[in-house]
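Everything on this sheet refers to the single structure shown next.
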Amino acid sequence: MHPAIKDLTLREKAELVSGGSFWTSRGVERLGIRSAVLTDGPHGVRRQRAEADHLGLNDSEPATSFPTAAASGSSWDPQLLEEMGAALGVEARALDVDILLGPGVNIKRSPLCGRNFEYFSEDPLLSGALGAAWVRGLQARGVGASVKHFAANNQETDRMRVSAEVDERTLREIYLPAFERVVREARPATVMCSYNRINGVYASQNHWLLTEVLRDEWQYDGYVVSDWGAVTDPVAALAAGLDLEMPSTGGTSPALIEAAVQEGRLDLATLDQAVTRILEVHDRFSPGERHAPDLDAHHALARRIAVESSVLLTNTSGILPLDPTGGGDIAVIGAFAEQPRYQGAGSSHIIPTRLDNAVEAIGAATSRTISVAQGFRLDGEQDQALLDEAVRVAEAASVVVLFLGLPDDAESEGFDREHLELPDVQLRLADAVIDANPSTIVVLSNGAVVSLERLRGRAAAILEMWLAGQAAGSAAADMLFGDVEPGGRLAETIPLALAHNPAHVNWPGSDGVVRYGEGTAVGYRWYDTTERDVAFPFGFGLGYTTFAYSDLRVDVADPTAAHAAVEVTVENVGERPGAEVVQMYVGEERPAVLRAPRELKGFEKIRLEPGERRTVRFELDERAFAYWGATGWTVTPGRFTIAVGRNSRDLVAEQTIRLDVAAPVVPLHRDATVGEWLSHPVGSSVARAFFAQLGPAAAALEDPESIRMVESIPLTTMIGFTVDAKEQPSSPAEVVERMLAEVQSASGRTT
Ligand code: BGC
């Protein structure tokens, strides 16, 4: 318990677990307990000193606008995320912020989610690794993180009430691991519970989630804060494991909590524990030294991250990089060239310290003549004069850089998109400009996947920059002229059509319920399982150089342990320096349950000079081979394929290993089947001994063909079929109960 507990009154304790204002926790002046400032997050510090809101409406202090998670997720670079976290930490501390609300590690279940720009990936390993790095960087600067939104918050439609109906295996394998990794590896100050229900129970009141999984299994020692307004019953929330309700409810929640303790409906120990967790975290992150942030350096970092996060999707005939000194005029077309779209709308919306625009940056980077045309209106209205002007400018230039993307009102926190298309006004412009000048390079700004079917194969190059922060404009120029290469790889699949998305028939649900019917087959796991073509696969991205892979080695020192060491050598065989994201996928050959053919289990981004080579090493532990089964994480003996390569559909080398781990034991119970009894180490002989008394029926158990027919029949039913009631005075259920008791006592003897 925190030492202050003994001096606090019940009322004060009830107040401490409830916000003090919109952005602060409460303090207790007489005991020197300070109130802490919690604010957004996650791509810049949103410190509001006057009117507070969490919808991005009112102003906040200027702060560096870093690339959004949709971008930084594509960097595949934990080191870079750690640097971003550290820079955010310095700015947060300078603005008196104790807890910065981020990172968002929810999985991109559908490209339509309005908040995908705040999330890293469709893959849990990548999301967790990047989220943990961000938290490490931030917290090393003395500012606490709040990993959010825990859990299964994968859509904005009805987000404050909807019940995400998800089976446990899917939660464990897809929607929880990123949180688990952040919690276990980076010890975040707080975890923010989401608004939605999970299998009928609000996340804020979900004992299984907040206590059994988070505390008991993952050993989490920070505090759980509610999303803003996510608490519907403050007493039930505390009992389930929530610690701090935000924002302030005035005196309402404290009064309810105080009364619940007085009336014996809430344990005082539960309240004491919540207060302790909050105070301990605020002690741990008590304001240390404040440094004036080096905003120039942070801007430069935002620019570097934007470059490392941009994904070059196509580059026909190597049109990129452009020559900065020769080759004719360059037309820069599209409203986003001068009015960049660089961040998303909602609670993460901030005021940047400065804003680069691409027209100026391109002009500064080249001696070639630049001509500019707006091309389209951001409000989506058709404007023939703008289109005609753009076509004239395109025709007269030797190359066109066309800036397209989603406008602010197309995607946001608070609602989901309904389709994947770029605005019609932009597609019409793109058609006309490309007709006028096929040497058109499209640069995209959008927070989530857009359909590229109208551009793919028509544009000479497509550079996806996502929402790349305040330095996006200069980062674009850096890449266009080859000062640096785009370093990103897709953290989400770009499908050929929205209808191919695994969530499509269960999106966004109705009547307050959304079923996660696709189970674990999310993102590339689905496209690979269903063998669908995609526009661009997970992990895909081009650069300005090429890499060769060789010498894949997979070592299994002890096949009875689920562990392997993997090595592969990568060489830059091109003429420019560049980065490669070496990706390692694992697949089980004949899994006992439906599993994707391959899942990402390791990655490393390496930078190599021309001719340079490096050996990359990965360790695979038990979890890398496991699925979530009836008894928890389960590895079955068998063959596994380890593949390394450039993306999920371009695996350059693979090797198969055999693991002879002990077969998992499925506990027997009343409804266990014949097959389950026969594969149980003790139950098998008990069942065989029983059937041996019956003569001919026993023989069927030794015949592989008969076994296949009967193995899914519950043993109780099977006994009913084979035993004559006159000869067997006990009911089949009683017989099975006796056999279960026998198994239990025999298991006791053997352990
Ligand atoms: C969002 C959170 C945010 C909070 C505070 C909520 O509406 O879901 O992500 O941190 O507001 O602004």
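The values are calculated or read from the model by the stated rules, or taken from the named source; none is laboratory data. Predicted, not measured: the structure shown is a model, and the values here were computed from it. Cβ sites come from the backbone with ideal geometry, for glycine too, and all protein chains shown count toward neighbours.
Checking each residue of the stretch 449-470 against the condition of being in contact (Cβ under 8 Å) with a residue 40 or more places away in the chain, surrounded by 24 or more Cβ atoms within 10 Å (Cβ to Cβ), more than 27 Å from SER648 (Cβ to Cβ) and touching an Asp or Glu at 6+ places or on another chain (Cβ under 7 Å) gives at least one match. Each residue in the stretch 206-236 was checked for being more than 16 Å from the ligand (Cβ to nearest atom) and touching a Cys at 6+ places or on another chain (Cβ under 9 Å), and 3 of them qualify.
Among residues belonging to the stretch 120-145 that are of a type in the set (D, E, K, R) and surrounded by 24 or more Cβ atoms within 10 Å (Cβ to Cβ), point out the one that is nearest to the ligand (Cβ to nearest atom). Here the answer is GLU122.
Results for (1) farther than 21 Å from ILE462 by Cα; (2) at pLDDT 95 or above; (3) outside any loop (DSSP other than H, G, I, E, B); (4) more than 16 Å from the ligand (Cβ to nearest atom), shown as yes or no for each residue.
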position	(1), (2), (3), (4)
LEU312	no, yes, yes, yes
THR325	yes, yes, no, yes
ALA331	no, yes, yes, yes
GLN339	no, yes, no, yes
THR353	yes, yes, no, yes
ILE362	no, yes, yes, yes
ARG368	yes, yes, no, yes
GLY375	no, yes, no, yes
GLU418	yes, yes, no, yes
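Within the stretch 465-517, the set of residues being among the charged types (D, E, K, R) and not in a loop (DSSP other than H, G, I, E, B) comprises ASP478, ARG515. In the condition set (1) assigned to a loop (DSSP other than H, G, I, E, B); (2) touching a Lys or Arg at 6+ places or on another chain (Cβ under 8 Å); (3) at pLDDT 95 or above; (4) surrounded by 13 or more Cβ atoms within 10 Å (Cβ to Cβ), LEU271 is compliant with all but (1).
Entry remark, the stretch 55-98: residues being within 26 Å of ARG34 (Cβ to Cβ) and within 21 Å of the chain's Cα centre (by Cα) number 3 in total.
Hey, does the stretch 512-521 have a residue that's farther than 30 Å from ARG161 by Cα and aliphatic (A, V, I, L, M)? Lay out the reasoning, then the answer.
We begin by selecting, within the stretch 512-521, every residue farther than 30 Å from ARG161 by Cα; these are none.
Checking the stretch 512-521: not a single residue is farther than 30 Å from ARG161 by Cα and aliphatic (A, V, I, L, M).
Whenever a residue of the stretch 95-111 is touching a residue at least 60 places away in the same chain (Cβ under 8 Å) and hydroxyl-bearing (Ser, Thr, Tyr), its partners that are part of a loop (DSSP other than H, G, I, E, B) and more than 12 Å from the ligand (Cβ to nearest atom), lying with C-beta atoms within less than 6 angstrom and at least six residues away or across chains, give the pairs SER110/ASN501; SER110/ALA503; SER110/TRP507.
In the stretch 627-641, the residue that is farthest from VAL311 (Cα to Cα) out of those that are modelled with pLDDT of 95 or more and out of contact with any helix residue (DSSP H, G or I) (no Cβ under 9 Å at 6 or more places or on another chain) is PRO637.
Here LYS148 clears all of (1) among the basic types (Lys, Arg); (2) crowded, with 24+ Cβ neighbours inside 10 Å; (3) more than 16 Å from the ligand (Cβ to nearest atom) except the condition numbered (3).
Here is a yes/no grid of residues against (1) at pLDDT 95 or above; (2) in contact with a Pro (Cβ under 9 Å, 6 or more places away or on another chain); (3) farther than 24 Å from GLU156 by Cβ; (4) assigned to a helix (DSSP H, G or I):
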| site | (1), (2), (3), (4) |
| --- | --- |
| ASP216 | yes, no, yes, yes |
| GLN219 | yes, no, yes, no |
| VAL224 | yes, no, no, no |
| TRP228 | yes, yes, no, no |
| PRO247 | yes, no, no, no |
| ALA255 | yes, no, yes, yes |
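Residue count for the stretch 154-204 satisfying the condition of being among the basic types (Lys, Arg) and outside any helix (DSSP H, G or I): 4. Can you find a residue that is without any contact (Cβ under 8 Å) to a residue 60 or more places away in the chain, over 26 Å from ASN154 (Cβ atoms), within 14 Å of the ligand (Cβ to nearest atom) and within 24 Å of the chain's Cα centre (by Cα) anywhere in the stretch 41-54? Among the residues of the stretch 41-54, not one is without any contact (Cβ under 8 Å) to a residue 60 or more places away in the chain, over 26 Å from ASN154 (Cβ atoms), within 14 Å of the ligand (Cβ to nearest atom) and within 24 Å of the chain's Cα centre (by Cα), which makes the answer no.
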